[in-house]
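Some notes on the structure that comes next.
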Amino acid sequence: MNNKQKALVKSTVAVLKSNGADLTQYFYNRMFNHNPELKNLFNMSHQASGKQQHALAGAVLAYAEHIENPTLLINILRSIGNKHVSLNIKPEQYNIVGLHLISSIKEVLGKAATDELLEAWTQAYHELAQIMISIEDGIYCSNLNKNGGWKGWRTFIISKIVEESMEVKSFYLKPKDGQPIAEYLPGQFISVKTYIPSLGYEQPRQYSLSSAFTPKYYRISVKKEKNQFNPDGIVSHIMHSKLAGDEIEVSAPAGIFHINPLSEYPLVLISGGIGVTPLLSMLETNENNNRNPVVWLHSCRDQTVHSFKDHIDYLEQNNEWLTTHIFYENKNKEDDQAIHEGRINLHEVKEEILIDNAKYYICGPEAFIKVQYNSLMQLGIAGENIFYEEFGPQLLHLN
């Protein structure tokens, strides 16, 4: 792009931001009307909630704002690239998205969308697409070069199902072909894809791998959402209805939220609800490797939804390197007296979590992450030592 084109793109950011909802709604409606096959790739619950639209607008406009130096967004682009790889996004699909995005920009800007401006946006999108394709090609190649690695979807069999709480089941997945599976970093996720009869097409979902790596299986732990007719609950209800022996399509492990299993720094793990899953993988990996000091803070509604409680209690009782603080929003008289009542308050336990050279990992709902991140910053923790995983479209950019 030349400087004039960059200036044209940047000049439209403000108006597109103010019309972000219209832009993305028009985009997705147009794309799914012309290319309905893409419904098999996109999480339609995030379409219904508007989260996907918000995430797309945020990413595209952030790129436009930083058009002169897009490397400032490299971590965001890498995160998106990992999601795309887990969905087996292909380079040619960027052309489809680009066509509908430029048409949507034209629709929103109306008479202001001159041919010169649309050409500048077309060139900007082309350059963004090339950056993403390059990032994703690198991840695909890395996956293929791993022992047991693969590209795209691979059929796995559910070998075992374990109830972890009133809402959560763990699924043990083994490859149907009996060949090795790729190793992963603790905290990463896989995508699973299953047919949804009520929709008439397949739906993918990302689930964190909830155990340390073992060459025998992958384990994911799925929370059953309350309303199966709510778009957010469709896949979780289908998953909870599956039986041992059922088949499911799985992508190779991906994700930038992880620890270095060989590192020697202390860990402070902060989870809310089902956010326990990637942190449990970190904890089990630490147990198998360095046994660095770990402080884990976990918050959930009550004991009935406290997944992996017995397992983590056992680890704490048998390992001096692990300390836990559990918070129940609804604490009963029968609950352990050591359990805190209410939600996590990091200031309440600051003496135990302010550890030299520690790394802090947060996982849970969007509001939960914001509260814990801000608390850590107030306590003097540097942003570069705080990492977080937001389930669903990436709406938070706190670092």
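Taking the conditions exactly as written (among the aromatic types (F, W, Y) and under 23 Å from E389 (Cα atoms)), does Y94 satisfy them or not?
The answer is no for Y94.
Return the total of residues in the range 52-72 being part of a loop (DSSP other than H, G, I, E, B) and of a type outside the set (S, T, N, Q). Don't jump to the end; show me each part of the working.
Narrowing the range 52-72 to residues part of a loop (DSSP other than H, G, I, E, B): 66-69.
Checking the rest, the ones that are also of a type outside the set (S, T, N, Q) come to 66-68.
Adding up the residues that qualify gives 3.
Every residue, every condition in (1) polar (S, T, N, Q); (2) under 20 Å from the mean Cα position of the chain (by Cα); (3) not assigned by TED's automatic domain parsing to the domain that holds E136, yes or no:
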residue: T71; (1), (2), (3): yes, no, no
residue: R78; (1), (2), (3): no, yes, no
residue: N82; (1), (2), (3): yes, yes, no
residue: S86; (1), (2), (3): yes, yes, no
residue: Y94; (1), (2), (3): no, no, no
residue: I105; (1), (2), (3): no, no, no
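Looking only at residues that are assigned to a helix (DSSP H, G or I) and more than 25 Å from E284 (Cα to Cα) in the range 323-352, which one is modelled with the lowest pLDDT? Please lay out each step first, then the result.
At the first step, the residues of the range 323-352 found to be assigned to a helix (DSSP H, G or I) are 346-352.
Narrowing the set further to residues that are more than 25 Å from E284 (Cα to Cα) leaves 347-348.
Numbers: H347: 93, E348: 89.
If we take residues in the range 323-352 being assigned to a helix (DSSP H, G or I) and more than 25 Å from E284 (Cα to Cα), then E348 is modelled with the lowest pLDDT.
Against the conditions (1) touching a His at 6+ places or on another chain (Cβ under 6 Å); (2) under 30 Å from E320 (Cα atoms), where does I274 fall short? Just the number, please.
Every listed condition holds for I274 apart from (1).
Of everything in the range 104-121, what is out of contact with any Asp or Glu (no Cβ under 9 Å at 6 or more places or on another chain) and surrounded by 16 or more Cβ atoms within 10 Å (Cβ to Cβ)? Give them in sequence order.
Initial filter on the range 104-121 (out of contact with any Asp or Glu (no Cβ under 9 Å at 6 or more places or on another chain)): 105-106, 109-112, 114-121.
Answer for the range 104-121, where residues must be out of contact with any Asp or Glu (no Cβ under 9 Å at 6 or more places or on another chain) and surrounded by 16 or more Cβ atoms within 10 Å (Cβ to Cβ): I105, K106, L109, L117, L118, A120, W121.
Yes/no per residue for (1) in contact (Cβ under 8 Å) with a residue 40 or more places away in the chain; (2) surrounded by 18 or more Cβ atoms within 10 Å (Cβ to Cβ); (3) on the phi > 0 side of the Ramachandran plot:
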position	(1), (2), (3)
A252	yes, yes, no
N260	yes, no, no
E264	no, no, no
P278	yes, yes, no
R291	no, no, yes
S299	yes, yes, no
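Residue under question is H306, and the condition is that it be in contact (Cβ under 8 Å) with a residue 40 or more places away in the chain, in contact with a strand residue (DSSP E or B) (Cβ under 7 Å, 6 or more places away or on another chain) and more than 23 Å from G255 (Cβ to Cβ); does it hold?
Details: in contact (Cβ under 8 Å) with a residue 40 or more places away in the chain: yes; in contact with a strand residue (DSSP E or B) (Cβ under 7 Å, 6 or more places away or on another chain): yes; more than 23 Å from G255 (Cβ to Cβ): yes.
Considered against the rule, which asks whether it is in contact (Cβ under 8 Å) with a residue 40 or more places away in the chain, in contact with a strand residue (DSSP E or B) (Cβ under 7 Å, 6 or more places away or on another chain) and more than 23 Å from G255 (Cβ to Cβ), H306 comes out as yes.
Hey, I89 hits all of (1) in contact (Cβ under 8 Å) with a residue 24 or more places away in the chain; (2) assigned to a helix (DSSP H, G or I) but one; which does it fall short on?
(2)
Is it fair to say S299 is small (G, A, S) and assigned to a strand (DSSP E or B)? Quick ask: steps written out before the conclusion?
Details: small (G, A, S): yes; assigned to a strand (DSSP E or B): yes.
In short, yes.
Would you check which residues across the range 157-213 are among the small types (G, A, S), outside any loop (DSSP other than H, G, I, E, B) and surrounded by fewer than 17 Cβ atoms within 10 Å (Cβ to Cβ) and list them?
The initial filter retains those residues of the range 157-213 that are among the small types (G, A, S), namely 159, 165, 170, 178, 182, 187, 191, 198, 200, 208, 210-212.
From what is left, the residues that are outside any loop (DSSP other than H, G, I, E, B) are 159, 170, 191, 208.
Within the range 157-213, S159 is the sole residue that qualifies.
Can you run down the residue pairs with Cβ atoms below 9 Å, 6 or more apart or on separate chains, where the first is in the range 149-160 and over 19 Å from Y184 (Cα atoms) and the partner is surrounded by 13 or more Cβ atoms within 10 Å (Cβ to Cβ) and polar (S, T, N, Q)?
Short answer, once both residue conditions are applied: K160/S170.
Could you check how many residues of the range 24-45 are assigned to a helix (DSSP H, G or I), closer than 26 Å to E127 by Cβ and at pLDDT below 85?
Counting residues in the range 24-45 that are assigned to a helix (DSSP H, G or I), closer than 26 Å to E127 by Cβ and at pLDDT below 85 gives 2.
The values are calculated or read from the model by the stated rules, or taken from the named source; none is laboratory data. All of these numbers come straight from a predicted model, not from anything done at the bench. Backbone-built Cβ (ideal geometry, glycine too); neighbour counts: all protein chains shown.
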